[in-house]
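To start, the structure itself, in C-alpha cells.
The values are calculated or read from the model by the stated rules, or taken from the named source; none is laboratory data. Since we're looking at a predicted model, the values are computed, not measured. All Cβ positions, glycine included, derive from the backbone under ideal geometry; neighbour counts span all protein chains shown.
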Amino acid sequence: MRQKNLELMVGVFVALGLAAFLLLALKVSDLTRIGENDGYRIMAHFENIGGLKVRAPVTLGGVRIGRVISIDLDSQSYEAVVTMSIDPRYDRLPTDSSASILTSGLLGEQYVGLEPGGMDSYLSNGSVLKLTQSALVLEKLIGRVLTNTASGDTPPK
Amino acid sequence: MIAILTGLGRWVLGKLARLGRANLFLLSLLGALTFLFKRPSLLIRQLYAVGVLSLPIILVSGLFVGMVLGLQGYANLVDFGATASLGTVVALSLIRELGPVLTALLYAGRAGSALTAEIGLMKATEQLASMQMMAVDPFPRVLAPRFLAGCLAVPILTGIFTAVGILGGYFVAVMQLGVDGGAFWAQMQAKVLLFEDIVNGVIIKSFVFGVLANWIALFEGYEALPTSEGVSLATTRTVVITSLAILGWDFLLTALMFGVW
C-alpha cells in the first residue's frame, strides 16, 4: 500500500512536469508556428534594410502572412536580398506587389509590409518583387533635412 | 617562509586529491546506474523524496518570482508604452535564467542538504561500512538511485517552476494591471523559440545543474567526517559549493548558448 502511494505521488509529479513542458512548448514558444517555413518563397532586393532581422514578420494590410527566412547581400549589385516565406494560404498576391520595410511603433521591431498590385498573374515560389522601398534610416533623414535648411530651401510655414 | 610554502603546497595537493576523488566517485556512480534497471522501485522512492517533497517550495517560489517579474517589468515598460512585451520579458527571463538557476539553488537547499545529511549519517553510524561487510556494494543500492532521481527531478522541477512563474506573471500583468492578454501571449510566442530557448534553458541547463547539485551533495555526504560536527560541516559545504558551482556554470552555459557568436 505504501509503495503504491509513493508510485502515485511520483506519477503525479512526473505528469505535472510533462504538463509544464507541454504548456511551455505549446503556449509559450513558437512550436505552433514551426510549419511556417513550408510556405512558398519570394525574394525582394532592398537598397538598405535598416535593422530588419531574420524571422521578422511579413504583413499585408497589417495581417501577418509570412516571415523573413534569410537576408543576404547580392555581391553584384550590393543590394540586400531578403527571402521571405509566405503562407501557402495566401497564394494570390499579384506579381507587381511592392515591399517596404516598416517599423512598428517608434521603438518597435522592423517588418516587411507588402502592398498588393493590380496584375492578374500571381507570385509563386522563387518570384522576385520588383518594387521595393528601403527602410528609413534616421541619420539620412536628418541629414536631408539639414542640407535642405542650409540651402535656404525652407518649407513654407 | 618554507612553512608557508609547504602549507600552500599541502593545501593545493589536498584540493587536487579531493577533486580526483570526486571524479572517481562520479564514475562509480555512473557505473552503478545500470543496477536501477533491475530495481526501479529504489528510484521511485528517491524520486518521491527529492522530487515530490520539493514541489511545494518550487510552486510557491515560482509563482512569486513570476508575479514580481510581472510587476517590475510593468513598472519599467509602462514608461515606454511597451507593456505588450511584458509577456516576452517574463517568459524569456524565466526560461533562460531564473527558472533553471533558482530551481537548482532551491533544490540544493531543500534536497541537496538532506542528501548530504542522510549519506553522512549513514557513514557516521557505519551503515555503509556494514553493507560492505555483507558484500553489498552501497553504490548501486544507496547512492545511484539518489543520484539518478535527483538528475531527473531537477529538470522536471525547473519546468514546473517556469510554467508556474509565467502563469504568475500572467496573473499580475493581465488580471491585475490590465495588460492586453492577447498581446501578452502573442508577443511571447513571437520571441520565445522552442529549441534555442526552451530546450537549451529549461532542459539542458537544468540537467547540468541537476548533475552538479546531486554529485556535490552525495560526494560531500560520502566524504563527511563520521561525527555530528563533520555531518553538519558537510551539509553547509554542500549548499555553499553547489550554489557557487551552479552560478559559475550558469555563466558558462549562458555564454555558450545565448552568447554572441
Report summary line: Residue pairs within 8 Å by beta carbon, gap of at least six or interchain, first lying in the range A:1-17 and more than 9 Å from chain B (Cβ to nearest Cβ) and more than 13 Å from B:PRO40 (Cβ to Cβ), second of a type in the set (D, E, K, R) and loosely packed, with under 15 Cβ neighbours inside 10 Å, listed first then second, are none
Report task. Scan the range B:132-141 and give yes if some residue there is over 30 Å from B:VAL65 (Cα atoms) and charged (D, E, K, R), otherwise no. Result -> yes
Requested in this report: Give the residues of the range A:51-74 that are part of a loop (DSSP other than H, G, I, E, B) and either of a type in the set (D, E, K, R) or crowded, with 17+ Cβ neighbours inside 10 Å (or both), sorted by residue number.
Outcome: A:LEU52, A:LYS53, A:ARG55, A:ALA56
Query raised in the report: Would the range A:67-76 turn up any residue that is at pLDDT below 85 and of a type outside the set (A, V, I, L, M, F, W, C)?
Result: yes
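Here's the yes/no breakdown for (1) closer than 13 Å to B:ALA149 by Cα; (2) touching a helix residue (DSSP H, G or I) at 6+ places or on another chain (Cβ under 8 Å); (3) away from every other protein chain (no Cβ under 14 Å); (4) exposed (fewer than 10 other Cβ atoms within 10 Å of the Cβ):
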site: B:ARG21; (1), (2), (3), (4): no, yes, yes, no
site: B:ALA32; (1), (2), (3), (4): no, yes, yes, no
site: B:TYR48; (1), (2), (3), (4): yes, yes, no, no
site: B:LEU55; (1), (2), (3), (4): no, yes, no, no
site: B:ILE58; (1), (2), (3), (4): no, yes, no, no
Query raised in the report: Among the listed residues A:SER77, A:SER104, which satisfies the condition of being touching a residue at least 12 places away in the same chain (Cβ under 8 Å), surrounded by fewer than 16 Cβ atoms within 10 Å (Cβ to Cβ) and either small (Gly, Ala, Ser) or not assigned by TED's automatic domain parsing to the domain that holds A:SER134 (or both)?
Result: A:SER77
Query - Lone qualifier among A:LEU8, A:LEU24, A:LEU18 - being crowded, with 17+ Cβ neighbours inside 10 Å and among the aliphatic types (A, V, I, L, M) - result: A:LEU24
Requested in this report: Can you confirm whether the range A:17-36 contains a residue that is of a type in the set (Asp, Glu) and modelled with pLDDT of 85 or more?
Outcome: no
Requested in this report: Determine whether the range B:149-161 contains at least one residue that is within 12 Å of chain A (Cβ to nearest Cβ), of a type in the set (Gly, Ala, Ser) and over 24 Å from B:SER206 (Cβ atoms).
Outcome: no
Query raised in the report: Of all helices (runs of 4 or more DSSP H) completely enclosed by the range B:120-229, which ones contain at least 3 residues that are surrounded by 24 or more Cβ atoms within 10 Å (Cβ to Cβ)?
Result: B:144-170, B:206-223
Query raised in the report: Just to be sure, is B:ALA22 at pLDDT 90 or above and in contact with a Phe, Trp or Tyr (Cβ under 8 Å, 6 or more places away or on another chain)?
Result: yes
Query - Meets criteria (over 30 Å from A:MET9 (Cβ atoms) and polar (S, T, N, Q)) for B:GLN72 - result: yes
Report summary line: A:ARG55 passes all but one of the listed conditions (1) closer than 19 Å to A:VAL82 by Cα; (2) at pLDDT 80 or above; (3) within 10 Å of another protein chain (Cβ to nearest Cβ); the exception is number (2)
Report summary line: With the first residue restricted to the range B:162-176 and required to be free of Cβ contacts under 8 Å to residues at least 60 places away in the same chain, and the second required to be of a type in the set (Phe, Trp, Tyr) and assigned to a helix (DSSP H, G or I), Cβ contacts under 7 Å at 6 or more apart or on different chains are B:VAL174/B:PHE184
